[in-house]
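Here's the structure, in C-alpha cells; my notes come after.
All of the numbers you see were taken from the coordinates with simple rules; none came from a lab. Values in this document were obtained by computation on a predicted structure and should not be read as measured data. Using ideal geometry, Cβ is built from the backbone for each residue, glycine included, and neighbour counts are taken over all protein chains shown.
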Amino acid sequence: MVKSVILDCDPGHDDAMAILLAAGHPDVHVRAITTVGGNQTLEKVTRNALGLATLAGLNVPIAAGHEAPLDRPLVTSPEIHGESGLDGVTLPKPTMDLDPRHGVNLIIDTIMESEPGTISLVPLGPLTNIGAAVQKEPEIVSRVAEVSLMGGGMSVGNATAAAEFNILTDPEATSIVFSAPWKVTMVGLDVTHYAQATPEVLDRIRAINSPISHFVNDLMAFFIQSNLAEQNFAAPPIHDPVALANIIDPTILKTERLPIVVETQGEYTTGMTLVDRRPWITSLTTTHVATEIDVERFWDLVIGAIANL
Ligand code: BDR
Ligand code: CA
C-alpha cells in the first residue's frame, strides 16, 4: 500500500539516506519536504534538500521552515555532518525552486488539503516545525495518520549522556509533539544504533554500481570517519531512514505503547526522553516507542530503494 508522507528534515548524511529511501521505494509518495535548522543552518540544510531531491528525481514542494528552536539558540553538528551539513559529496544544481511558503505552512496546507488519515509525518530533525505547526493549526493533529519521528531513546543518549541530538536541540517543541493526541512513535537510538552501515552493507550498495550508489558510497565515506572520530562507532548508525521504514513496513520495528515525556529543565538531563515502563501503569497514551529492529530487512528495504533510482 502506498503511503503519503511529509519529510521534515535537516540533511544531514542520514537524512539524505531517508530521502533516497523515499524516492526509490514504490510504496512511498512524498507529498512535501520541509527543512529545519539542526545538523547545519537552515540555509545549508535547505540547499542540501533541494540538491538531494534533484539527484533523486523527486519533484515535490520543498519549503524552508524554522531557523532555530522555539525557545533556544540553534547548536549545529558540524563534527558529524561537516561544514556543509553534507560533507564528502557534491550535489547537483537544483532543478526546482524553493516553495515560497514557510515550511510550517506547507506542512499545514498539505495536511488540511488531504483526506483525513492519509498523511504520515516523518520528522528527521529537531521537532521545531512540527511543534509550531501544532500550535498554529491544532486541527492537523486529528487529520494526520501517524507521526514516526527519529529522535530520543529509552536508555541512551548521543549529544549528552541523557539526550539524543534532535530532541536536545528543541525539547520544548518535542514536548508539544509528545503531548498531542495523535499516534506518535519515537524511533530512537535504542533501534537506530543497530542500523549500521557495515562493510557488508556498503559492499551491497557498491555492487549496484549506479551514479546514486557511487554518491552513497562517498556520503558514507565521510560519515564513517566522523562517527568513528566523534562517537567511536566502527560502522556508523544510519538513524533517519529507520523512522521512514517504520511507515513503509511497520513489521521491521517492534514498538510498544508507552507514556513518554521530555525533560526541558534538567540540570544534567535536558532533552532526555523519559519512558514510563512500570508494568502496573496502564495509560491510554498515544505515544509509542520502538524497541527492536530487524536490521536485515531494514537494509533490504533501503538497498532495494537505492537500486531502483
Ligand atoms: C539524529 O541527529 C542528526 O545528527 C541525524 O541526522 C539524526 O537525525 C541522530 O541523533
Ligand atoms: Ca536528521
For S142 and Y194, compute 0.36 nm times the residue count separating them, minus their Cα-Cα distance, and round to one decimal in nm. 15.5 nm
Taking the highest mean first, how do the peptides 266-276, 129-139, 180-190 order by number of other beta carbon atoms within 10 angstrom per residue? 180-190, 129-139, 266-276
Per-residue HN-Hα couplings for the stretch 190-196 [Karplus 6.51, -1.76, 1.60; θ = phi - 60°; Hz; x = Gly/Pro]: 4, 10, 5, 5, 8, 8, 8
Residues with beta-carbon under 14 Å from that of S213, excluding S213: net charge, scoring Lys, Arg +1 and Asp, Glu -1? 0
Can you spot the lysines whose alpha carbon is less than 29 Å from K183's alpha carbon? Ignore those fewer than 8 places along the same chain. K3, K136, K254
From the phi angles alone, apply the Karplus equation (6.51, -1.76, 1.60; θ = phi - 60°) to the stretch 80-88 and give each ³J(HN,Hα) in whole Hz, x where the residue is Gly or Pro. 9, 10, x, 5, 7, x, 8, 5, x
Checking the a/c ratio against 1.5 first, then a/b against b/c, what shape does the Cα gyration tensor give for the stretch 34-80? oblate
Once you list every other residue whose beta carbon is under 13 Å from the beta carbon of E79, what net charge do they have if Lys and Arg are +1 and Asp and Glu are -1? -3
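Less than 14 Å Cβ to Cβ from T286, Lys/Arg counted +1 and Asp/Glu -1: what total charge do the surrounding residues give?
Net local charge, T286 excluded: -1.
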Any idea what log10 I(q)/I(0) is at q = 0.09, 0.12, 0.16 Å⁻¹ for the chain, Debye with uniform C-alpha scatterers and no solvent? -0.38, -0.70, -1.36
Can you tell me how the stretch 62-164 classifies by the Cα gyration tensor, rounded, prolate or oblate, using a/c under 1.5 as the rounded cut? oblate
Taking 7 Å along the Cα-to-C-beta vector as the label spot, tell me the A207-Y268 distance in nanometres, rounded to one decimal. 4.7 nm
